[in-house]
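S.K.: Shown below is the structure under consideration.
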Amino acid sequence: MALPQAAAIVAYRGAGLSVIAGNARFNQAMEQGRVSPADILPNSVWAERIRDFIDSGKDNVIFETRRDGKLGPEYHMCTIGRLHSDDPAQHLLLFTATDRTNERAIEKNLRRELLADGLTALPNRTGFGEEIDDRLKNGVWPDMAQFGIIAIDLSRFSRVNESLGPMAGDELLITVAKRLKSCLRQGDVLARIGGNDFAIFARLNNGLSDALHIVQRIQEAMGSPIRLSDLQIRVDCAIGCALSLDLEEDPDDVVRKAQAAVKIAKRTGKVEIYRNGVLKEAQRRFSIESRLRDALSQGGLSLAYQPLIHLQTGEITGFEALARWNDPELGNVPPTEFIAVAEESGLITSLGRWAAYEAAQALSRWDAKYGQPLPVGVNVNVSAIQIARDDVESMFEEAVRYAGIDGRRMTAELTESAIVADPDKARKWLVALKDLNMSIAMDDFGTGFSNLASLHSLPIDILKIDRSFVSSMLEDHDKMVIVRTILSLAESLNLKVTAEGIETQALALQLQNMGCWQGQGYYFARPMNETDAFDYWRARWNFETI
């Protein structure tokens, strides 16, 4: 038998197996112990496979066997084929066995690499799933037990990478992995499931209290600073937890729920436990992000324009541009919802640029329709995150240049948080906007951290009093006092004031009597499309009563 692998002719009679002849490789394998006589005894795996093969009526079969050898598991790829026999009571078979032990060892090592994180040696996302499946299938679980996933996000990891370099970032991840590992109980699994994301699979015999006990240990372990080179760095963690309903629940769903909870924890700064509906909320946010990306590239958004009224004369001084989105699949998505998603996903830069360019183009189209420049401007909102991520100065410079309009007709509206976050950067870009002759309005004034020093030192022109103070000030004495105070402060700093949320004529008259410069609200008009806004202005031109 000149076959390249170990081969033998095997006779099967009744329940007995015997080797009639073997080639040199088979005999050598027998001598070296890689194939033993026990392998062909009636109660061996091979004998069982041979009996099944004879009963099947097939001409040949291929299978793999595993046995425990002196140096660990041994694997053989075996084949059985029928041979002609003159004795009808005896079956002659050609049996071959190829040693696959080395190949299986290589595969095992490669699989381990595929399932493990190369930096921390922890399971990666795929390996984490397999570890969970193994424990759920093979572990002994008491009645009423459940499992939980604890997701951990390192809040300031990107800053370490940016300031100290990737090697310091790697060192930080390794140290964090060691600390988190010290929090585990027997049977728990720690994995690195993303760049700076870790997760723990935990058996919960006592439900939420067990999970919170682990969270407490994590917080204690991460409480002390981590030394990197000559620096001591405190690493803050956002932690989200999700508990399974029972042991039959899909672990992937529980992991997703924990990740949804940790996203909320990043915003709140607290440990968050998954609540029903949070995953749906996360899935909706993902849908909004995906659809918004398409809408921005395909012109699916529009601007609505709400008039700004001079309270002393009743004239329209301008419009505030407000983004609107009616999606074919999602329907009418509120700005509060899609702008929050845009800020979280980074789409705010594209959204902000689109709004600035579109608002400037609207002014240009109105001018063309009227035959000369309209005596109105447009206010465009600028997000604090947009300021941090985009070149706002060049955005507005391009917007007015492409539209061929005077910068005096554009006003940038920003919140106090945009200034407080980085006053030096804010001063730089505000001065650049003033070089374009633009006006600067501080939106939602009074609702956040009012930095009076910023009001004095920065080139701000307008304070916008938030609607929460204006709409109910006639019934609420405290809010009336706040509005009076803001008006007095603005007068002393030589700033103009716009009041938002004017819903009634009584409010408009009261603000007029208090000396407020400008107002907007449903009493005058709701936000309207570009054509209706132009018609509204033309109908009210030189209309001088409130």
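The values are calculated or read from the model by the stated rules, or taken from the named source; none is laboratory data. Values in this document were obtained by computation on a predicted structure and should not be read as measured data. Don't worry about glycine lacking a Cβ; one is built from the backbone with ideal geometry, like all the others, and counts go over all protein chains shown.
S.K.: Give the residue that is surrounded by the fewest Cβ atoms within 10 Å (Cβ to Cβ), with candidates limited to residues of segment 1-12 that are under 20 Å from His84 (Cβ atoms) and at pLDDT below 75.
M.R.: Ranking the qualifying residues of segment 1-12, first place goes to Ala2.
S.K.: Considering only residues of segment 233-268 that are in contact with a Ser or Thr (Cβ under 9 Å, 6 or more places away or on another chain) and under 11 Å from Asp153 (Cα atoms), which is surrounded by the fewest Cβ atoms within 10 Å (Cβ to Cβ)?
M.R.: Asp236
S.K.: Then there is this: Give the residues of segment 158-189 that are in a helix (DSSP H, G or I) and either without any contact (Cβ under 8 Å) to a residue 40 or more places away in the chain or of a type in the set (Lys, Arg) (or both), sorted by residue number.
M.R.: Ser158, Arg159, Asn161, Glu162, Ser163, Pro166, Met167, Gly169, Lys178, Arg179, Lys181
S.K.: Residues that are part of a helix (DSSP H, G or I), closer than 28 Å to Ser244 by Cβ and among the charged types (D, E, K, R): does segment 110-123 have at least one?
M.R.: yes
S.K.: Something else now. Considering only segment 312-406, give the helices (runs of 4 or more DSSP H) lying wholly within it that have at least 2 residues that are over 22 Å from Lys428 (Cα atoms).
M.R.: Correct list: 335-345, 348-370, 392-403.
S.K.: When only residues in segment 152-186 that are closer than 16 Å to Gly223 by Cα and polar (S, T, N, Q) count, which is modelled with the lowest pLDDT?
M.R.: Looking at residues that are closer than 16 Å to Gly223 by Cα and polar (S, T, N, Q), I get Ser155.
S.K.: Another one. When you check Asn196 against the structure, is it at pLDDT below 90 and either under 26 Å from the mean Cα position of the chain (by Cα) or not assigned by TED's automatic domain parsing to the domain that holds Asp246 (or both), yes or no?
M.R.: yes
S.K.: Kindly check whether there is at least one residue in segment 335-346 that is within 24 Å of Ile385 (Cα to Cα), over 23 Å from the mean Cα position of the chain (by Cα) and in contact (Cβ under 8 Å) with a residue 40 or more places away in the chain.
M.R.: no
S.K.: Taking Asp143, is it over 30 Å from Ile80 (Cβ atoms) and either at pLDDT 90 or above or not in a helix (DSSP H, G or I) (or both)?
M.R.: Here the answer is yes, as Asp143 does meet what is asked.
S.K.: Asp197 - would you say it is under 21 Å from Leu115 (Cβ atoms) and among the acidic types (Asp, Glu)?
M.R.: yes
S.K.: Also, quick follow-up: So how many residues does segment 483-498 have that are buried (at least 19 other Cβ atoms within 10 Å of the Cβ) and either in contact with a Phe, Trp or Tyr (Cβ under 8 Å, 6 or more places away or on another chain) or touching a residue at least 60 places away in the same chain (Cβ under 8 Å) (or both)?
M.R.: Within segment 483-498, residues that are buried (at least 19 other Cβ atoms within 10 Å of the Cβ) and either in contact with a Phe, Trp or Tyr (Cβ under 8 Å, 6 or more places away or on another chain) or touching a residue at least 60 places away in the same chain (Cβ under 8 Å) (or both) number 4.
S.K.: In addition: How about segment 234-263: which of its residues are aliphatic (A, V, I, L, M), more than 21 Å from Arg217 (Cα to Cα) and touching a helix residue (DSSP H, G or I) at 6+ places or on another chain (Cβ under 8 Å)?
M.R.: Correct list: Leu247, Ala260.
S.K.: Of the residues Ala105, Ala121, Ala97, which is among the small types (Gly, Ala, Ser) and under 35 Å from the mean Cα position of the chain (by Cα)?
M.R.: Answer to the check: Ala121.
S.K.: When segment 266-301 is examined, which residues are found to be among the β-branched types (Val, Ile, Thr) and under 15 Å from the mean Cα position of the chain (by Cα)?
M.R.: Selection gives Val278, Ile288.
S.K.: Filter segment 183-221 for residues that are under 20 Å from Ser158 (Cα atoms) and touching a Lys or Arg at 6+ places or on another chain (Cβ under 6 Å); which is surrounded by the most Cβ atoms within 10 Å (Cβ to Cβ)?
M.R.: Phe198
S.K.: I'm trying to understand the selection: among the residues of segment 387-442, which are of a type in the set (Phe, Trp, Tyr) and either within 29 Å of the chain's Cα centre (by Cα) or farther than 17 Å from Gln361 by Cα (or both)?
M.R.: Matches in segment 387-442: Trp429 only.
S.K.: Hey, another quick one. What are the residue pairs meeting all of these: first residue in segment 227-250, first residue under 22 Å from Thr268 (Cα atoms), second residue at pLDDT 80 or above and of a type in the set (Asp, Glu), Cβ atoms under 6 Å, and 6 or more apart or on different chains?
M.R.: Taking only residues 6 or more apart or on different chains, the pairs are Ala238/Asp153; Gly240/Glu272.
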